[in-house]
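A.B. asks: Below are the structure tokens for one structure; questions will follow.
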Amino acid sequence: MAASGNIEAAQGAAPAAAAPTAATAATAGPPSPLAQWLADEAAVRAALERGPGPGVAAREAVLGTDGLTLMQRLLAGELPYASISRTLDFVLVEVARGRAVFQGTPGPKLLNPMGGIHGGWYATLLDSALGCAVHTMMPAGRAYTTAELSVNLVRAIPPSLPRVRAAGQVVHCGRQLATAEARLVGPDGTLYAHGTTTCLVFELPAK
């Protein structure tokens, strides 16, 4: 179980900013990583709120759809999302072929008895990113199940850290086995954990 840490942010009243001009807009630069993460999450959560909510996708939708399309539809709020993501405060924010990214919010409700973010939360985000990365590689009618999950916790997540991301990437995907690796990082790139998975790949029964 990871120990807790503290991050203190200086607070104070900021002077009112002048309205941006074309010149200042051109030199403003890209948003910070955290600002972009929060914007990405807000867009996804808005789509999920318009959708069916947490639950399980209909079997017909799963059988007739390849894994990447299924994950894209979930991200767009067209299919139910996993109930556990509401329970543990994390959300899918990105999918591509062989890749999946989840974003989570550390906080007091995730603490272990020693005051750190529970190691199971690290593992849940990594497992989600790993499994969904593999899912994007599945053709219609095929599925996977996790056979092995390995997680290494390398640094304590401060409970006050605004967000973390788990990014999973497929290493190999065959007809019977798939492997993937993932990293759990903060907005500044700090590594908090990393993991790997081995998944069994199989045909879904027609009924």
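The values are calculated or read from the model by the stated rules, or taken from the named source; none is laboratory data. Just so you know, these numbers come straight off a predicted model, no measurement behind them. Methodologically, a virtual Cβ is constructed for each residue, glycine included, from the backbone with ideal geometry; neighbour enumeration extends over all protein chains shown.
A.B. asks: So LEU149 ticks every box in (1) touching a Gly at 6+ places or on another chain (Cβ under 7 Å); (2) of a type outside the set (Val, Ile, Thr); (3) at positive phi but one. Which box is left unticked?
C.D. replies: Going through (1) touching a Gly at 6+ places or on another chain (Cβ under 7 Å); (2) of a type outside the set (Val, Ile, Thr); (3) at positive phi one by one, LEU149 breaks only (3).
A.B. asks: Residues in the range 129-156 that are in contact with a helix residue (DSSP H, G or I) (Cβ under 8 Å, 6 or more places away or on another chain) and without any contact (Cβ under 8 Å) to a residue 60 or more places away in the chain: how many?
C.D. replies: 4
A.B. asks: Search the range 31-60 for residues being without any contact (Cβ under 8 Å) to a residue 12 or more places away in the chain and outside any helix (DSSP H, G or I), and hand back the single one that is farthest from the chain's Cα centre (by Cα).
C.D. replies: Top of the filtered list is ALA58.
A.B. asks: Separate question: If you scan the range 165-207, which residues turn out to be within 30 Å of SER32 (Cα to Cα), outside any loop (DSSP other than H, G, I, E, B) and among the charged types (D, E, K, R)?
C.D. replies: ARG165, GLU181, ARG183
A.B. asks: Condition first: assigned to a strand (DSSP E or B), of a type in the set (A, V, I, L, M, F, W, C) and buried (at least 22 other Cβ atoms within 10 Å of the Cβ). Now tell me which residues in the range 102-142 satisfy that.
C.D. replies: Scanning the range 102-142 gives PHE102, ILE117.
A.B. asks: Hey, another quick one. Go through the range 151-164 and report how many residues are in a strand (DSSP E or B) and either crowded, with 18+ Cβ neighbours inside 10 Å or among the small types (Gly, Ala, Ser) (or both).
C.D. replies: Of the residues in that region, 3 qualify.
A.B. asks: Looking for whichever is more than 23 Å from LYS109 (Cα to Cα), at pLDDT 95 or above and not charged (D, E, K, R) here; the options are THR21, THR69, THR65. Which one fits?
C.D. replies: THR69
A.B. asks: Please verify whether THR136 is over 25 Å from ALA35 (Cα atoms) and modelled with pLDDT of 95 or more, treating the condition exactly as stated.
C.D. replies: Here the answer is yes, as THR136 does meet what is asked.
A.B. asks: Checking LEU70 against (1) outside any loop (DSSP other than H, G, I, E, B); (2) more than 15 Å from the chain's Cα centre (by Cα); (3) among the hydrophobic types (A, V, I, L, M, F, W, C); (4) exposed (fewer than 12 other Cβ atoms within 10 Å of the Cβ), which test does it fail?
C.D. replies: If we test LEU70 against (1) outside any loop (DSSP other than H, G, I, E, B); (2) more than 15 Å from the chain's Cα centre (by Cα); (3) among the hydrophobic types (A, V, I, L, M, F, W, C); (4) exposed (fewer than 12 other Cβ atoms within 10 Å of the Cβ), just (4) comes out false.
A.B. asks: Do we have any residue at all in the range 179-192 that's surrounded by 21 or more Cβ atoms within 10 Å (Cβ to Cβ) and free of Cβ contacts under 8 Å to residues at least 40 places away in the same chain?
C.D. replies: Yes, the conditions are met somewhere in the range 179-192.
A.B. asks: Given the structure, is GLY77 among the small types (Gly, Ala, Ser), in a helix (DSSP H, G or I) and farther than 19 Å from CYS173 by Cβ?
C.D. replies: No.
A.B. asks: Still on this structure: Given the criterion modelled with pLDDT under 90 and not hydroxyl-bearing (Ser, Thr, Tyr), identify the matching residue among ALA39, ALA43, ALA58, ALA96.
C.D. replies: Matching residue, one of ALA39, ALA43, ALA58, ALA96: ALA58.
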